[in-house]
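Scroll down for the structure; my scribbles are underneath it.
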Amino acid sequence: MANNTITRIDLIEAINREVGLPRNECADLLGDALKMITGCLVEGGPFKVSSFGSFTVRHKAERMGRNPRTGEEHTVSSRKVVVFRPSRNLKHRVNQP
């Protein structure tokens, strides 16, 4: 599964295999977990998973940008972005041969 995208259905199937709950309950479980993560980030707080990494919300200030096709400058509005920072453990496991 190295080059494939993992979908919500793939996660539900994995939970089903590991825990043995019915697929509907696995879907509810995953949905609740994602709602919790989303709610935490919407409130502006960080969401940390031990040995995996942390998700934080960062504010990006307004700046001047340029259309690469026309060269015309315009203002890029300020916004919030979600940033993921992997844990040291995850970085180590990804870089192992």
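Could you look through the stretch 39-51, keep only residues that are exposed (fewer than 13 other Cβ atoms within 10 Å of the Cβ) and not aliphatic (A, V, I, L, M), and pick out the one that is nearest to residue 87 (Cα to Cα)?
Restricting to residues being exposed (fewer than 13 other Cβ atoms within 10 Å of the Cβ) and not aliphatic (A, V, I, L, M), the top hit is 51.
So which residues in the stretch 9-53 are closer than 26 Å to residue 79 by Cβ and among the basic types (Lys, Arg), if there are any at all?
35, 48
Collect the residues in the stretch 2-31 that are loosely packed, with under 10 Cβ neighbours inside 10 Å and under 26 Å from residue 87 (Cα atoms), keeping them in residue-number order.
2, 3, 4, 5, 6, 7, 18 - these are the residues of the stretch 2-31 that are loosely packed, with under 10 Cβ neighbours inside 10 Å and under 26 Å from residue 87 (Cα atoms).
Pick from the stretch 49-76 the residues that are of a type in the set (Ser, Thr, Tyr) and touching a strand residue (DSSP E or B) at 6+ places or on another chain (Cβ under 9 Å): which of them is farthest from residue 34 (Cα to Cα)?
Across the stretch 49-76, the extreme among qualifying residues is 75.
Throughout, read-outs are computed from the coordinates displayed, never taken from laboratory work. Note that the coordinates shown come from a computational prediction; the quantities given were computed from them, not determined experimentally. With ideal geometry, Cβ positions are generated from the backbone for all residues, glycine too; neighbour counts draw on all protein chains shown.
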